[in-house]
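Report on one structure; see the data block that follows.
The values are calculated or read from the model by the stated rules, or taken from the named source; none is laboratory data. Bear in mind the structure is a predicted one, so any value in this text is a computation, not a measurement. Because the Cβ atoms are built from the backbone with ideal geometry, glycine has one as well, and the counts that use them run over all protein chains shown. The area values use the complete protein model at the heavy-atom level, side chains included, leaving out ligands, DNA and RNA. Shrake-Rupley method; radii C 1.70, N 1.55, O 1.52, S 1.80 Å.
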Amino acid sequence: MELDSDACFRAVRARDRRFDGQFFVAITSTRIYCRPICPARPAKRDNMRFYSSAAAAERAGFRPCLRCRPERAPGLASVDAVSRLVGAAIAGIEEHALSSAHVGDLAASLGVSDRHLRRITESELGVSPIELAQTQRLLMAKRLLGDTRLSQTEIAFASGFGSVRRFNALFKSRYGLSPRALRGTATAAEGLHCQLEFRPPFAWGALLDYLRLRAIPGVEMADATHYRRTVSIDDTQGWIAVSLGKKANALNVDVSPSLAPVIGSVIVRVKRLFDLGAVPDAVSISLSQDPLLAKVVRRIPGLRVAGAFDGFELAVRAILGQQVSVKGATTLAGRWAQAFGTPIATPYPELNRLTPSAQQMASVSAEQLIALGIVGARARCLATLVPAVLERRVVLTFVANVEDQIEALMRLPGIGPWTAQYIAMRALHWPDAFPSGDLMLMRAANANQKRLESLSQAWRPWRAYATHYLWQSLGVTP
């Protein structure tokens, strides 16, 4: 992907947070690369080189800055086909898809050939998938070295390395120092804590309210300052607590020590849940041009679209929410979690269940769901969703081809356009998802569904954000 060097230079000089994570600046005199917002004195223009990814900068022989910490840069919001594929590849790698698998396996999971995947990542990011994976692992390790007191062995495996020897060797060859040397660059607190940065503004209160109303009893909880939930990834269980940082543009994330082996996956999922890859200025500039949205966009700058920590959990919650109130759906979701979720002990008495997985639900019949008070049609829909997920006919995470997944969802009995678009908006992290059949949206726009679809064309590619702004204009969030 080509970068406009003049625009990049201006962003660096201004330390413009709108560009944080969208590119990196490397300094030839120091052989270090930084975020555009680095507090260090800007170098001479002739000494600057601009790269679209941290991996490309490292491929060129530059080391990450110890002041601005490139590993903390926000991610990207992918809206077109090519960048969506790259985004899905990055998401797979961040979830350690290449720790033991091959590029071909990752490519197959994305529905493309390994040759095409290599070609796209080279074109967009300037690196191969393997080089991208190496950089992601190193930056995750660098984050954990600075932010936690995990041992180097724990950090090596949590970052996706197959061995401590490989971890040490790559760290030294790429960064020119041992992992131990970074322990002195930050004061790591007891336990597992990390900061996840975002591009301001951030409508934290609105997002927390949205999640609070939908929190599954026993699995999630939210109050005026924190979001907390139980976590189960592979065979590892624990809990997390997320709050807004007081000084930096970042979220504070507390992680139970038991989740150390999967902390990389936890961080990736928290980023998606809180939409930390959003580019709020791009959204507001686009949507504020529309007279229907302008007032509410100005009133609530930085509105985020809540994602999903667990795609299957979100899909179940969406199905239970069909034709019932938010409160009613939350009650049903709580019964579902209590009946089929695994008990867990946490510091918070309200959090006592792990969300049921698709594997656990495979042995649950529609009749058992109906016994919980779930309408028969919804119960049968859930019963058909489970095998579709287990057989990967439906994928409920960041995917390359969203349209295919929306169609796959709508092939399941009981899932129509509204539910499929809602799942795409949250579980698939699709910024252009738009549940046009929503009654509250039609009321907010004072239009029927056909007219609403027509109006929404002007809001692309940010229709998911427009959806939330329309709900906010009515003071509701279906």
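Points to keep in mind about this one:
- With the charge dipole of segment 226-351 set up from +1 on Lys and Arg Cβ and -1 on Asp and Glu Cβ about the Cα centre, the Cα lying farthest toward the positive end among the listed residues Leu292, Gly328, Ala345 is that of Leu292.
- Structural descriptor for segment 256-385: relative contact order 18 percent, calculated from alpha carbon pairs under 8 angstrom and at least 6 residues apart.
- The angle between the Cα long axis of helix 311-320 and the main principal axis of the chain comes to about 20°, on a 0 to 90 degree scale.
- Under 5 Å between amide hydrogens, built in the peptide plane, is the criterion, and for Leu192 it picks out Val255 among residues at least 5 positions away or on other chains.
- HN-Hα J in Hz across segment 361-372 - Karplus 6.51, -1.76, 1.60, θ = phi - 60°, x for Gly and Pro: 7, 4, 9, 9, 8, 4, 5, 5, 6, 4, 5, 7
- Using 0.36 nm per residue and subtracting the Cα-Cα separation, the extra length available between Ser288 and Ser123 on full extension is 56.1 nm.
- The chain - percent relative contact order, Cα under 8 Å, separation 6 or more: 13 percent
- Counting only DSSP H runs of at least 4 residues, each contributing -39500 (n - 2.57), and dividing by the residue count of the chain, the helix-based mean residue ellipticity at 222 nm comes to -13500 deg cm²/dmol.
- Surface accessible to a 1.4 Å probe, Phe157 within the full protein complex, Å²: 100 Å²
- Rounded Å value of the spacing that divides the Cα centres of segment 118-156 and segment 252-288: 17 Å
- Averaging Cα coordinates gives a centre for segment 196-233 and one for segment 309-369; these two points are 17 Å apart.
- Each 10 Å bin from zero holds the following percent of Cα-Cα pairs in segment 383-478: 17, 46, 28, 9, 0.
- Cα-Cα separations in segment 1-81 greater than 17 Å, expressed as whole percent: 38 percent
- Rolled with a 1.4 Å probe across the full set of protein chains, the surface gives Leu292 an accessible area near 70 Å².
- Principal axis dimensions, segment 202-272 - Cα atoms, whole angstrom, descending: 33, 30, 18
- Entry comment: accessible area of the chain is 42 Å² per residue, from protein heavy atoms only and a probe of 1.4 Å.
- Whether the chain is rounded, prolate or oblate, judged on the alpha carbon gyration tensor where a/c under 1.5 counts as rounded: prolate
- The accessible-area ordering, largest first, of the residues Tyr469, Tyr348 stands as Tyr348, Tyr469, per a 1.4 angstrom probe.
- Cα gyration tensor shape for segment 326-448, rounded if a/c is under 1.5, else prolate or oblate: prolate
- Here, P(r) means the percent of Cα pairs in each 5 Å bin from 0 to the largest distance; for segment 132-250 it is 2, 10, 16, 18, 16, 15, 13, 7, 4, 1.
- In this calculation the C-beta distance from Asp235 to Arg67 is compared with R0 = 41 Å, giving a FRET efficiency of 0.60.
- Mean separation of Cα contacts under 8 Å (6+ apart) over length of segment 1-133, as relative contact order %: 23 percent
- Cα centroid of segment 378-421 to Cα centroid of segment 6-34, whole Å: 41 Å
- In range of the label at Asp223: residues from segment 314-347 whose backbone nitrogen is under 15 Å from the point 7 Å along Cα→Cβ: 347
- Protein accessible area in the chain, 1.4 Å probe - carbon and sulfur %: 51 percent
- Phe309 accessible area, assembled protein chains, probe 1.4 Å, Å²: 10 Å²
- Dipole magnitude for segment 145-281: about 500 debye, using +1 per Lys or Arg Cβ and -1 per Asp or Glu Cβ, origin at the Cα centre.
- 18 Å Cα-Cα reach of Lys295 towards aspartates and glutamates, excluding residues that sit fewer than 8 places from it in its own chain: Asp281
- Over 25 Å apart at the Cα level, from the set Lys327/Lys450; Lys142/Lys246; Lys142/Lys271; Lys142/Lys247; Lys246/Lys271, are Lys327/Lys450.
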